[in-house]
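Report on one structure; see the data block that follows.
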């Protein structure tokens, strides 16, 4: 699926009005990522402060991309990823982890759980764009 | 021992038994044994009394040591000022940390507000007045500078917290040393610890990310099956020595010196040894040889290397030819 998505992305422009969900328990980080996404051209960016809220939002409406932190309470980003991939209706949603958890075991666990890309904090706009491009295609 | 009570000695006109009913012969026989037994009992009692007295003394000494130990521990704990730590220092440290979080958050939001405001500026908003535009931008930049002052205050707060932690560490360490306390074997993880372990919540690493973004990208690019631990992926050192190999068994045995023949090892284990004889010089022509002989007879030291032969021969060849 993702492979085909990438192929499609190479030849078709991404719909920049697609909703993107940013999940982080720190308002500052939510604001930073949202601003970066808006700078990159994404028009519809929504925010959630933890995994539970994000899951509720994802069940209510569909998102073209989810960008989530790992370390959150009560539901972590990793648990959110597992739940998203276990749900038939949500499992195809592209998911990028943005986290300070930089151990190799974390990266491997996230990959096994089905993450599409992994960004280590601190990061910059170029890295974010590069990873989104790797997942969705050029924009 | 029960004896018949009615028997009295016959010489007294009785039945041959003592008035208390004991047989005198038996009494005479048993008396020394009883006396011996009593003496032994008394000795044993004396011994036990001494033992118990010693035991009491030792126990009292131990109790006095324990009492001293407890008194010292109490003194150490008093010096630790636990109430001061629990009621004063730790709450202060916690408040400082909360203040740090609050200050940094406020500063970040201020900076972001200013940045957003500047991003929203347009020259049209100021009626095309570039001066007004610059003034507005400068105001926002000044706000950013002011907000950055949080760093100084945060640094001071952090150093206060670090000092508190150092004091606690020092006092607890001193108490542990005084009491001779050693770390116990770690017990089972608490529910929170288990959750953190299961969900891989390690937190940010000190000194930057443990795995760099480039390494993560490489893992995503190459596929996770090909990712190997660092040690396994390192090439072996090129200068690693090769193990000693046996010479092939079909080689003819190497001729040995006679002096070595006596105690020589089995031939199959012999390795070819480097020759100690200098390499043979290639045969030169007759005239060349002559010239070299002449150079040897010369008083100066001249090398016999081949490169030197030609010029020397030329110099000497003239008298040779005239002769």
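Only the coordinates and a few stated rules stand behind these numbers; no lab work does. In this text, all values refer to a predicted model and were calculated from it rather than measured experimentally. Glycine gets a Cβ as well: all are built from the backbone with ideal geometry, and neighbour counts include every protein chain shown.
Hey, got the average number of other protein chain Cβ atoms within 10 angstrom for residues in A:96-104? Show your work: numbers first, answer last.
Working: counts 0, 1, 0, 2, 6, 10, 12, 7, 8.
That average works out to 5.
Just to verify a number: FRET efficiency for residue B:74 and residue B:149, C-beta to C-beta distance, R0 = 41 Å, to 0.05?
That gives a FRET efficiency of 0.30.
Between A:102, A:17, A:61, which gets the highest mean-square fluctuation from a Gaussian network model of chain A, Cα cutoff 10 Å?
Top of the fluctuation ranking is A:61.
Any chance you could check the Cα centroid distance between region A:95-125 and region A:64-82 for me, in angstrom?
11 Å
If r is the Cβ-Cβ distance from residue B:194 to residue B:118 and R0 is 41 Å, what FRET efficiency results, to the nearest 0.05?
0.30
Please tell me the relative contact order of chain A in percent, rounded to the nearest whole number, where contacts are Cα pairs under 8 Å and at least six residues apart.
26 percent
How far is it, in nm, from the label point at residue B:170 to the one at residue A:124 when both lie 7 Å from their Cα along the line to the Cβ?
4.3 nm
Rounded if a/c is under 1.5, else prolate if a/b beats b/c, else oblate: with a ≥ b ≥ c from the C-alpha gyration tensor eigenvalues square-rooted, which is region A:19-133? Mind showing how you got there, number by number?
Values: a/c = 1.36, a/b = 1.08, b/c = 1.26.
It comes out rounded by the Cα gyration axes.
Output needed: percent of Cα pairs per 10 Å distance bin for region B:82-179, bins running from 0 to the one holding the longest distance.
14, 28, 20, 15, 11, 7, 3, 1
To the nearest whole number, what is the average tally of beta carbon atoms from other chains within 10 Å of the beta carbons of peptide A:115-121? Show your work: numbers first, answer last.
Values: counts 1, 1, 3, 6, 3, 11, 3.
For peptide A:115-121, the averaged partner shielding equals 4.
Ranked by Cβ crowding within 10 angstrom, fewest neighbours first, how are B:174, B:157 ordered?
B:174, B:157
Residue by residue through A:22-28, how many Cβ atoms from other chains fall within 10 Å of the Cβ on average?
2
Roughly what would the spin-label model give for residue B:33 and residue A:139, points 7 Å off Cα along C-beta, in nm?
With each label point 7 Å from Cα toward Cβ, the separation is 11.3 nm.
Report the paramagnetic label zone for residue B:177: residues of region B:73-87 whose backbone N is under 19 Å from a point 7 Å from Cα along the Cα-to-Cβ axis.
B:73-82
For a quick check: sort B:220, B:121, A:95, B:150 by the number of other beta carbons within 10 angstrom, fewest at the front.
B:121, B:220, B:150, A:95
For each of B:114, B:148, count neighbouring Cβ atoms within 10 Å of the residue's Cβ, then give the residues from fewest to most.
B:148, B:114
Taking the simple approach of a point 7 Å from Cα along Cα-to-Cβ for both residue B:42 and residue B:159, what is their distance in nm?
8.4 nm
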